[in-house]
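The values are calculated or read from the model by the stated rules, or taken from the named source; none is laboratory data. These figures come from a predicted structure and were not determined experimentally. For neighbour counting, all protein chains shown are included, and Cβ atoms are generated from backbone atoms with ideal geometry for every residue, glycine included.
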Amino acid sequence: MKIASKNLSQLQIGQSAIIDSFTDKRMALKLLEMGCTPGEVVKLNRIAPMGDPIAISVSGYLLSLRKAEAATVLVSILAANI
């Protein structure tokens, strides 16, 4: 079950969410090419010691994103993670 919407940069380590949409068209194109498509489940795996970048699991692989890039991805948190 999906709950509240947030941006991807607001997830906590171990939380999973479903990608809903993007706020930046240019960044959306890059992320779509890397498998971050609407409806895809993402999980926050790691956060660098200084808080940037973050590592997420998406489409079967680990992807590293800057917080600013992750902030352009709107997600719905999965209820099991609340």
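What the table shows:
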quantity	calculated
Residue match in the range 31-39 (condition: in contact (Cβ under 8 Å) with a residue 12 or more places away in the chain, outside any loop (DSSP other than H, G, I, E, B) and not charged (D, E, K, R))	yes
Test for Ala68: is it closer than 18 Å to Ala79 by Cα and either in a loop (DSSP other than H, G, I, E, B) or not acidic (Asp, Glu) (or both)	no
Residue ID - farthest from Lys6 (Cα to Cα), chosen from residues in the range 40-74 that are without any contact (Cβ under 8 Å) to a residue 12 or more places away in the chain and within 11 Å of the chain's Cα centre (by Cα)	Ser64
Residue in the range 5-13 that is within 10 Å of Val75 (Cα to Cα), among the aliphatic types (A, V, I, L, M) and part of a helix (DSSP H, G or I) present	yes
Check on Ser21, among the polar types (S, T, N, Q), at pLDDT below 90 and surrounded by fewer than 14 Cβ atoms within 10 Å (Cβ to Cβ)	no
Test: residue in the range 11-18 that is hydroxyl-bearing (Ser, Thr, Tyr), in contact (Cβ under 8 Å) with a residue 24 or more places away in the chain, in contact with a Ser or Thr (Cβ under 9 Å, 6 or more places away or on another chain) and surrounded by 13 or more Cβ atoms within 10 Å (Cβ to Cβ)	yes
Filter result (over 18 Å from Ser64 (Cα atoms) and not small (Gly, Ala, Ser)) within the range 1-23	Met1, Lys2, Ile3, Lys6, Asp20, Thr23
Residues that are out of contact with any Lys or Arg (no Cβ under 6 Å at 6 or more places or on another chain) and surrounded by 13 or more Cβ atoms within 10 Å (Cβ to Cβ), drawn from the range 47-58	Ile47, Ile54, Ile56, Val58
